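The values are calculated or read from the model by the stated rules, or taken from the named source; none is laboratory data. These numbers were taken from a predicted model, which means no experiment stands behind them. Here the Cβ positions follow ideal geometry from the backbone for every residue, glycine too, while neighbour counts run over all protein chains shown.
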Amino acid sequence: MTPRPAISRAAALVVIALVPLVAVGPAAAARPVPLRALAAEHGITIGSAANLAALTTDRRYRTQLGQQLGSLTPENEMKWDTIHPARDTYDFTQADRLVAYARRNGMQVRGHTLVWQNQNPGWLTNGTFTRDEWIAILVDHITTVVGHYRGQIAQWDVVNEAMDAAGNLRDTIWLRHIGPEYIELAFRAARAADPDAELYYNDFGAGGVGAKADAVYDMVSSLVDRGVPIDGVGTQAHWSAVACSPCGPNMAGNMARLDAIGLDAAITEIDVRIALPVSPEELDVQADLYAMFLRVCMDAPNCDTFTMWGFTDRYSWVPQAFPGFGAALIYDEAYAPKPAETAIRQTLEA
Ligand code: G3I
């Protein structure tokens, strides 16, 4: 397993050290231990995607994120359309503010994402470049962005969602203009720009069994065999609250085969959407799924990252992307803990 970054250990120790202090005194006696401190005791970093608009306008969001979570993934602010709006222009303003917040709160940062087919600027998607120019643009982007945050990012999602459901490389600008080599080029550029950041391939629908999971496994095995610098595979885990069997063992098996080739596994974007209106039964199913994913990660020797795609139902991509669904996160719209939060807490305390 790749050595975990020193910042992770340091942040965990600080949190553990602070816990007895906040628990002292009658007023604070009932305050639950932060999730991040409970997780740190297991060597797990529990985190959330975060968006700058909520962080800057909503004090409760700002407070609860830093108190409960030990890692932050910028939800959109590091994507090409924001951070690289014109060929010769980089704009780190928004991402810098999230990274600064994370540092102030002793949180790790997961960088997301360097190569994707979505949220790319028009100058890129409509550009007519030679293959060499496409390669130069890709390498320059990664070198500049990863270099800008060198030493501040624990894990980068270097390549995101490159595989389709059938297990073929997805038809993207990168595949079309560069060929399959774009994946290897991206990982090599990222490692050169920050040798200490852990480098991940990140995808959905590939964390268990099936054609896509096998194709991702084959692809990353091939990268490892060829000496391409990759450290792990991220499972997004955007789920709906329906019974799922035997997804725990399937996911554990997938993590085990990654471990066998020296790769870490991470849960990178978990949320569990519910058909509205929410029922107590579905909240319980949701809670069971969150706990199951966390348990699989805790049991796997190569998993130390459990990241949710948001933490409060007040801000979530789900209602917009899945009309009729929502309530996918562990705190409700008023920031109260849901059964899923309790289930995570109990899993960590067990
Ligand atoms: O930036 C524009 C803004 O200018 C405009 O006023 C507004 C109007 O709706 O839209 C804004 O863009 C939105 C953007 O988020 C930033 O808020 C897009 O419409 C919206 O589609 C986009 O959604 C994001 C989605 O990725 C895009 O694919 C979600 O917030 C984000 O949570 C989601 O995250 C992805 C991960 O990166 C990869 N894995 C899947 C995950 C969920 O789709």
For region 150-192, which positions are crowded, with 20+ Cβ neighbours inside 10 Å and in contact with an Asp or Glu (Cβ under 8 Å, 6 or more places away or on another chain)? I153, A154, Q155, W156, N160, E161, A162, M163
Do you know which of the residues in region 39-82 that are surrounded by fewer than 22 Cβ atoms within 10 Å (Cβ to Cβ) and among the aliphatic types (A, V, I, L, M) is farthest from the ligand (Cβ to nearest atom)? L55
Does any residue of region 206-220 turn out to be closer than 20 Å to N76 by Cβ and buried (at least 17 other Cβ atoms within 10 Å of the Cβ)? no
List the pairs whose first member sits in region 96-120 and is more than 21 Å from A189 (Cα to Cα) and among the charged types (D, E, K, R), whose second member is assigned to a helix (DSSP H, G or I) and within 16 Å of the ligand (Cβ to nearest atom), and whose Cβ atoms are under 8 Å apart, counting only residues at least 6 apart or on separate chains? R97/L52; R97/L55; R97/T56
Within the group G151, G179, G147, which residue is without any contact (Cβ under 8 Å) to a residue 60 or more places away in the chain and assigned to a helix (DSSP H, G or I)? G147
Qualifying positions in region 154-176 - assigned to a loop (DSSP other than H, G, I, E, B) and within 16 Å of the ligand (Cβ to nearest atom): E161, A162, D164, A165, R170, T172
Restricting attention to region 299-306, does a residue exist that is modelled with pLDDT of 95 or more and over 21 Å from Q155 (Cβ atoms)? no
Within region 328-350, how many residues turn out to be farther than 18 Å from L55 by Cα and either within 16 Å of the ligand (Cβ to nearest atom) or modelled with pLDDT under 95 (or both)? 2
Counting just the residues of region 305-321 that are part of a loop (DSSP other than H, G, I, E, B) and without any contact (Cβ under 8 Å) to a residue 60 or more places away in the chain, which one comes out farthest from Q236 (Cα to Cα)? D313
Filtered residues of region 43-82 (kept if touching a residue at least 24 places away in the same chain (Cβ under 8 Å) and basic (K, R)): R60, R62, K79
Output yes when any residue across region 249-258 is buried (at least 24 other Cβ atoms within 10 Å of the Cβ) and in contact with a Ser or Thr (Cβ under 6 Å, 6 or more places away or on another chain), and no when none is. no
Checking the structure you have, find out if any residue of region 200-212 is more than 16 Å from the ligand (Cβ to nearest atom) and in contact with a strand residue (DSSP E or B) (Cβ under 6 Å, 6 or more places away or on another chain). no
